[in-house]
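Visitor: One structure, as structure tokens, below. Some questions next.
The values are calculated or read from the model by the stated rules, or taken from the named source; none is laboratory data. Just so we're clear, the structure is a prediction, and the values are computed from it rather than from any experiment. Here the Cβ positions follow ideal geometry from the backbone for every residue, glycine too, while neighbour counts run over all protein chains shown. Just the protein is used for accessible areas: all its heavy atoms, side chains included, with ligands, DNA and RNA removed. Shrake-Rupley method; radii C 1.70, N 1.55, O 1.52, S 1.80 Å.
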Amino acid sequence: MGLGKLAVNDRKDGFTLDGKSWFWLADTCWSAFTSIELSDWEYYLARRAEQGINVLQVNTLPQWDRCRPDLGIYPYASEDGTVFDWSAPNEAYWERARGMCRMAVEHGIRPALVLLWCNYIPGTWGSMIAQKLGAPVMPLDEIRPHIERVVRHLGEFDPVYVVTGDTDFKSDEAIRYYEEGLSAVCELVPNALRCMHINRANRTIPEQFIDRLDFYMYQPGHNYEGQSEAWKLPEDFRASYPQKPLLNSEPCYEQMGASRNVYWRFTAQDCRASAWSGILSGAAAGLTYGAHGVWNWQTVQSKGSVLGEGFDMPFRWQECLQFPGVWDYGMVPHVLNSLTEGGLHAVVPAQELLDDAREAIRVARVGDRVVVYLPHTTALKLHGPFADMEAVAFDLEDKRVAHLPMRVDTRTGMTRIEQHPFGHDALVVLKPAAH
């Protein structure tokens, strides 16, 4: 079965599938090809499909911080899953990956394949750590053969090609490697969608790559004090680069401890905050969910990660599939589809409407509506006499709806909306009043 033709829409702010508006809703499963038994993969796919996931972000190379032990099957000859003989591909791995992609497509889920994770590329933050721990980088002359191998084995499934993984671009050597990779993708699969997954808080993509990327991914990541990047990054991308679809490709993962072993666990509400604050700041093309224990595939046998990590212990993958946050994410495309009337209207950031210095409150216009994300309840003051509107609050935790009192001051041209009655975050929607 085919998944249909995925393309960038005419406004260049989202995607279409066979000509109809389509929202990227991915799960992060970086370690799939090295770590998941096929029977578990079948269950995982069935569960994620019913939760609304339509894309899987998977690493074509062994994830450097996956859980150990893995299954012991690698894309290139290796005794330990860390040091590889790049000249000796393991056909069993590639046939297994092929079968896993076929199973995903049968569940209506498109692979998004990361080609060159940062630890394999010299001059990146990841490779500097990996090399200290005895994991060498990929030789430059193996970049193209690796990508040819991915395309040959997995290209029939119409994947999205994610050229980089969690990378920075701070060295000429890294840029040279990624130029080799992006050029190969453009030549081998010129009609496939392509992008780059970049590291936390990164807002700098080398100019030489921009014209060849179909859309942008950004990453708020998992730092406790860095969650404001969920809205700051899309603001900066929109200001700095040509308009293209933009999506939050790595928000905080549910139940992940914060980076650098800060004593914290991100909740479903933290994940919702990353999602909605980014969407209303201009990243409305899609969204990626992550659960701490799925991306690295924690099992009852897991003893730790391959090269170490700065996070608290993951949950077992079976427990992760029950986390509530993925259901919240699954609702996002339905809410957006209703607000945009099936993609007819764009989500246009409108922070200037907010009379409040608290930037975590995000505001956008969607057609004739104003949409506000409130991480915590408070009264709203908006610039504008919205006398012909009514305010409705949608409780994002318990799925309740409240109709909110509004007061318009015609003298100042301000509108005050009373606080909603919910103890969790909410979307407040101003819409034309029904008469």
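Visitor: Considering segment 11-46 alone, what residues qualify as being open to solvent by 80 Å² or more (accessible area, probe 1.4 Å) and either without any contact (Cβ under 8 Å) to a residue 60 or more places away in the chain or of a type in the set (A, V, I, L, M, F, W, C) (or both)?
Guide: 18, 37, 38, 39, 43
Visitor: When segment 251-294 is examined, which residues are found to be open to solvent by less than 10 Å² (accessible area, probe 1.4 Å) and either farther than 20 Å from residue 425 by Cβ or in a strand (DSSP E or B) (or both)?
Guide: 254, 257, 258, 285, 286, 287, 288, 289, 291, 292, 293, 294
Visitor: Based on this model, can you work out whether residue 318 counts as farther than 13 Å from residue 23 by Cα, in a helix (DSSP H, G or I) and at pLDDT 95 or above?
Guide: yes
Visitor: Check 27, 70, 18 and return the single one that is charged (D, E, K, R), within 21 Å of residue 219 (Cβ to Cβ) and in contact with a Gly (Cβ under 8 Å, 6 or more places away or on another chain).
Guide: Being charged (D, E, K, R), within 21 Å of residue 219 (Cβ to Cβ) and in contact with a Gly (Cβ under 8 Å, 6 or more places away or on another chain) holds for just one of 27, 70, 18, which is 27.
Visitor: Limited to segment 341-355, what total is found for residues that are surrounded by 12 or more Cβ atoms within 10 Å (Cβ to Cβ) and on the phi < 0 side of the Ramachandran plot?
Guide: The total comes to 10.
Residues checked against (1) of a type in the set (D, E, K, R); (2) open to solvent by less than 30 Å² (accessible area, probe 1.4 Å):
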| site | (1), (2) |
| --- | --- |
| 116 | no, yes |
| 135 | no, yes |
| 146 | no, yes |
| 168 | yes, yes |
| 179 | yes, no |
| 185 | no, yes |
| 196 | no, yes |
| 200 | yes, no |
| 206 | no, yes |
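Visitor: Can you pull out every residue in segment 227-250 that is outside any loop (DSSP other than H, G, I, E, B), in contact with a helix residue (DSSP H, G or I) (Cβ under 8 Å, 6 or more places away or on another chain) and open to solvent by 10 Å² or more (accessible area, probe 1.4 Å)?
Guide: Matches in segment 227-250: 231 only.
Visitor: Give the number of residues within segment 70-117 that are under 26 Å from residue 42 (Cβ atoms) and of a type in the set (Gly, Ala, Ser).
Guide: 8
Visitor: How many residues does segment 295-319 hold that are open to solvent by 30 Å² or more (accessible area, probe 1.4 Å), closer than 17 Å to residue 64 by Cβ and touching a His at 6+ places or on another chain (Cβ under 9 Å)?
Guide: 1
Visitor: For segment 83-103, indicate whether the set of residues that are modelled with pLDDT of 95 or more, of a type in the set (Val, Ile, Thr) and over 26 Å from the mean Cα position of the chain (by Cα) is non-empty.
Guide: The answer is yes; a qualifying residue exists.
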